[in-house]
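Before any comments, here is the structure.
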Amino acid sequence: MIELDVESVKKLLPKYTLKLCFDLKYRIPHINTLQNILQRDWLNRKQYVREFFDCDDFAICLKAHFVEQHQINAIGVVIDIISRHAYNVALAHDDDLNISCYVIEPQTDEIFPINQRPLRRYFLWLSMILV
């Protein structure tokens, strides 16, 4: 696990987004840890209920799960006004301690490197990220 200050985290998150950071320090997991947590979480089994438990609720719950159960706070909720969707972004490092940003679809646990995300669904530009 790597710890970074808030300014370093902001630089690693996607450009052209509004970043609202709530902490001064952030814990960044290994990519395998991130993937293992996603495989074991229960959220993707929840039923989608339009307007009552939809994309924004899934994204908020996934962030809360990472913080509550694993003390990993380098995961954000994205409010994407262009694609009209909410989802998550997370920072994770590899074996060489290189940190990358990933998009997570909390309804299915799919994870994409930021530069390989489907742009129609995860546009990101002009979005708000709550970290």
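Note on region 4-45: residues that are without any contact (Cβ under 8 Å) to a residue 60 or more places away in the chain and open to solvent by less than 100 Å² (accessible area, probe 1.4 Å) amount to 10. Of the residues screened, residue 96 is one that is without any contact (Cβ under 8 Å) to a residue 12 or more places away in the chain and either within 19 Å of residue 33 (Cα to Cα) or open to solvent by 10 Å² or more (accessible area, probe 1.4 Å) (or both).
Scan region 96-114 and give yes if some residue there is in a helix (DSSP H, G or I) and at negative phi, otherwise no. Yes, region 96-114 contains a residue that is in a helix (DSSP H, G or I) and at negative phi. Contact map, region 106-122: first residue closer than 16 Å to residue 77 by Cβ, second residue in a loop (DSSP other than H, G, I, E, B), Cβ cut-off under 6 Å, separation 6 or more or different chains; pairs are 121/83.
Summed over region 67-76, residues that are surrounded by 18 or more Cβ atoms within 10 Å (Cβ to Cβ) and under 14 Å from residue 43 (Cβ atoms) total 1.
Out of all the residues in region 6-36, which are in contact with a helix residue (DSSP H, G or I) (Cβ under 6 Å, 6 or more places away or on another chain) and closer than 19 Å to residue 95 by Cα?
Once the filter is applied, which keeps residues that are in contact with a helix residue (DSSP H, G or I) (Cβ under 6 Å, 6 or more places away or on another chain) and closer than 19 Å to residue 95 by Cα, region 6-36 yields only 26.
Determine whether region 77-89 contains at least one residue that is at pLDDT 95 or above and either basic (Lys, Arg) or open to solvent by 50 Å² or more (accessible area, probe 1.4 Å) (or both). Yes: one or more hits. Within this structure, residue 64 fails the test of being open to solvent by less than 20 Å² (accessible area, probe 1.4 Å) and closer than 26 Å to residue 126 by Cα.
The values are calculated or read from the model by the stated rules, or taken from the named source; none is laboratory data. Predicted, not measured: the structure shown is a model, and the values here were computed from it. Cβ sites come from the backbone with ideal geometry, for glycine too, and all protein chains shown count toward neighbours. For the accessible areas, the whole protein counts, side chains as well, though only heavy atoms, and no ligand, DNA or RNA atoms are used. Shrake-Rupley method; radii C 1.70, N 1.55, O 1.52, S 1.80 Å.
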